[in-house]
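Structure record follows, encoded as structure tokens.
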Amino acid sequence: MASKKDYYEVLGVNKDATEEEIKKSYRKLAMKFHPDRNPDNPNAEEHFKEAKEAYEMLSDDQKRAAYDQYGHAGVEQGGGAGGFSGAGFGDAFGDIFGDIFGGGRAGGQANKVYRGADLRYNMEVSLEDAAKGTETKIRIPVQATCETCKGSGARPGTQPVTCTTCAGHGQVRMQQGFFSVQQTCPKCHGNGKMVKDPCPTCNGAGRLKQNKTLSVKIPAGVDEGDRIRLSGEGEAGVNGGPTGDLYVVIHLKEHAIFQREGGNLHCEMPISFSTAALGGEIEVPTLGGSAKMKIPAETQTGGVFRLRGKGIKPLRQSEHGDLMVHVVVETPVKLTEKQKELLREFETSTQADSGKHSPRNKSWMNKVKDFFE
């Protein structure tokens with residue numbers, strides 16, 4: 001006869017594993033290898049039985065102590081894995097079937113406490129406020145605990161009564177073929193209690209919709225999509241459960257001048273024809289005021305110049321980004337006759353050696369010529 005596998009090895013846990021770790025591992029294996037979930041796998045039932053036997057032994061303190069000291073010989077007479085007996089096994093098995101079929105053990109759901117829902121608030125923030133940080137107030141609708149009934153849903157002086165449909169268990173049992181499946185009670189919705197005399201303020205709900213004003217601190221450097229968590233500022237829980245959280249999601253307003261990319265800022269800067277040709281110094285806007293920037297001679301449209309440290313310091317980073325200035329050479333408009341004449345003279349003077357003065361134009365024309373030949 002083949003020797004039995006080590007129980008700890010079967011469950012995949014260490015010998016010093018806690019009761020909760022053992023139970024968690026068994027539940028995982030039982031759900032994986034349950035025969036009803038593996039009708040085409042002949043080995044699944046054997047793995048399921050091994051896991052069940054290991055859990056029966058290791059979940060019982062006395063059996064586990066005997067097994068740790070004497071091995072399989074210490075527990076062979078204690079009743080192996082033949083049946084579904086044992087309180088510890090029953091608890092875990094019931095939990096597993098609750099996970100598979102959407103229910104839980106009878107009586108386990110009565111007066112269940114539920115955490116309140118988390119809320120989301122979309123906040124638009126200007127680029128300036130995102131860069132330096134700010135504090136603002138918001139007003140949000142929430143489900144708050146009814147002060148009249150303190151969340152019970154019953155009229156003051158009365159108490160909820162046991163549900164007559166599920167007898168306080170919070171669940172009802174329904175037969176579905178071979179299995180007996182438990183479902184949440186449709187009458188009390190799993191609470192196990194019913195309100196016969198509802199609270200006049202909340203009509204038995206235990207909660208009321210209210211508007212709440214909160215102060216929100218926006219840290220410097222926040223970016224599009226960042227979330228700020230306000231703990232306990234969500235909706236009230238059910239049956240005394242904890243309150244949910246509020247998540248403020250940041251959305252940056254479109255800026256008239258700058259576009260943000262991480263810590264860097266981008267802006268488009270128009271420059272005159274003469275400045276582009278001769279070079280010069282221009283003033284560029286930044287979030288901290290204007291800054292001077294040198295334009296080298298013969299600058300072309302699309303040239304990008306970097307002003308270091310003139311961007312934004314992103315959240316959780318130590319250095320500021322840069323400002324990227326994209327120059328655009330602006331064609332002069334509404335010229336006087338004299339100005340037009342000067343430009344014609346200039347054009348005539350450059351035509352004599354256009355390849356020297358307009359190298360990009362010459363290169364482009366050569367490509368066009370090659371294309372048509």
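The values are calculated or read from the model by the stated rules, or taken from the named source; none is laboratory data. These numbers come from a predicted model, not from an experiment. Note: ideal-geometry Cβ built from the backbone for every residue, glycine included; neighbour counts use all protein chains shown. Areas reflect the complete protein model, heavy atoms only, side chains present, ligands, DNA and RNA absent. Shrake-Rupley method; radii C 1.70, N 1.55, O 1.52, S 1.80 Å.
Residues that are open to solvent by 60 Å² or more (accessible area, probe 1.4 Å), touching a Cys at 6+ places or on another chain (Cβ under 8 Å) and either hydrophobic (A, V, I, L, M, F, W, C) or at pLDDT below 85 (or both) are absent from region 151-159.
Screening Gly302 against (1) in a strand (DSSP E or B); (2) within 30 Å of Ala130 (Cα to Cα) leaves a single unmet condition, (1). The one condition from (1) open to solvent by 40 Å² or more (accessible area, probe 1.4 Å); (2) in contact with a Lys or Arg (Cβ under 7 Å, 6 or more places away or on another chain); (3) part of a loop (DSSP other than H, G, I, E, B); (4) farther than 17 Å from Leu127 by Cα that Thr213 does not meet is (3). One residue is enough: does region 193-203 have a residue meeting the conditions hydrophobic (A, V, I, L, M, F, W, C) and modelled with pLDDT under 80? There is no residue in region 193-203 that is hydrophobic (A, V, I, L, M, F, W, C) and modelled with pLDDT under 80. Residues that are touching a Lys or Arg at 6+ places or on another chain (Cβ under 6 Å) and open to solvent by 50 Å² or more (accessible area, probe 1.4 Å) were ranked within region 242-282; the one that is farthest from Ser231 (Cα to Cα) is Glu281.
Residue pairs, Cβ under 6 Å, 6 or more apart or interchain, first in region 143-170 and over 30 Å from Thr213 (Cα atoms), second assigned to a loop (DSSP other than H, G, I, E, B) and open to solvent by 70 Å² or more (accessible area, probe 1.4 Å). List them. Hits for this filter: Val161/Lys196; Cys163/Lys187; Thr165/Lys187.
Checking every residue in region 34-56 against the condition of being at pLDDT below 75 and hydrophobic (A, V, I, L, M, F, W, C) gives zero matches.
Taking interchain pairs and intrachain pairs at least six residues apart, which have beta carbon atoms under 9 angstrom, with the first residue in region 253-264 and under 12 Å from Leu287 (Cα atoms) and the second open to solvent by 50 Å² or more (accessible area, probe 1.4 Å) and in a loop (DSSP other than H, G, I, E, B)? Once the first residue is under 12 Å from Leu287 (Cα atoms) and sits in region 253-264, its partners that are open to solvent by 50 Å² or more (accessible area, probe 1.4 Å) and in a loop (DSSP other than H, G, I, E, B) give Phe258/Leu287; Arg260/Glu224. Among the residues of region 196-227, those that are in contact (Cβ under 8 Å) with a residue 24 or more places away in the chain and under 30 Å from Asn264 (Cα atoms) comprise Ser215, Val216, Lys217, Ile218, Pro219, Ala220, Gly221, Val222, Asp223, Glu224, Gly225, Asp226.
Scanning region 317-359 for residues that are basic (Lys, Arg) and either over 60 Å from the mean Cα position of the chain (by Cα) or at pLDDT 90 or above (or both) yields Lys334, Lys338, Lys340, Arg344. One residue alone among Asp245, Asp197 is over 24 Å from the mean Cα position of the chain (by Cα) and among the acidic types (Asp, Glu), and that residue is Asp197. Residues of region 307-316 that are open to solvent by 50 Å² or more (accessible area, probe 1.4 Å) and either touching a strand residue (DSSP E or B) at 6+ places or on another chain (Cβ under 6 Å) or at positive phi (or both): Lys310, Arg316. Looking at this structure, is Glu224 exposed (fewer than 13 other Cβ atoms within 10 Å of the Cβ), in a strand (DSSP E or B) and under 35 Å from the mean Cα position of the chain (by Cα)? When the stated conditions are applied, Glu224 does not pass them. Scanning region 1-20 for residues that are of a type outside the set (Val, Ile, Thr), at pLDDT 85 or above and either surrounded by 14 or more Cβ atoms within 10 Å (Cβ to Cβ) or more than 17 Å from Lys63 (Cα to Cα) (or both) turns up Tyr7, Tyr8, Leu11, Gly12, Ala17. Residues of region 317-343 that are in a helix (DSSP H, G or I) and loosely packed, with under 10 Cβ neighbours inside 10 Å: Glu337, Lys338.
Checking region 116-125 against the condition returns no match, with no residue being in contact with a strand residue (DSSP E or B) (Cβ under 9 Å, 6 or more places away or on another chain), at positive phi and modelled with pLDDT of 65 or more. Going by what's in this entry, would Leu287 be described as touching a Phe, Trp or Tyr at 6+ places or on another chain (Cβ under 8 Å), open to solvent by less than 20 Å² (accessible area, probe 1.4 Å), modelled with pLDDT of 90 or more and aliphatic (A, V, I, L, M)? No; evaluated as a whole, the condition is false for this residue. Comparison of Ser290, Ser349 shows that the only residue that is among the hydroxyl-bearing types (Ser, Thr, Tyr), without any contact (Cβ under 8 Å) to a residue 24 or more places away in the chain and within 25 Å of Ala131 (Cβ to Cβ) is Ser290. Examine region 74-84 for a residue that is modelled with pLDDT under 50 and within 30 Å of Gly190 (Cβ to Cβ), and state whether such a residue exists. The answer is yes, given that some residue of region 74-84 is modelled with pLDDT under 50 and within 30 Å of Gly190 (Cβ to Cβ).
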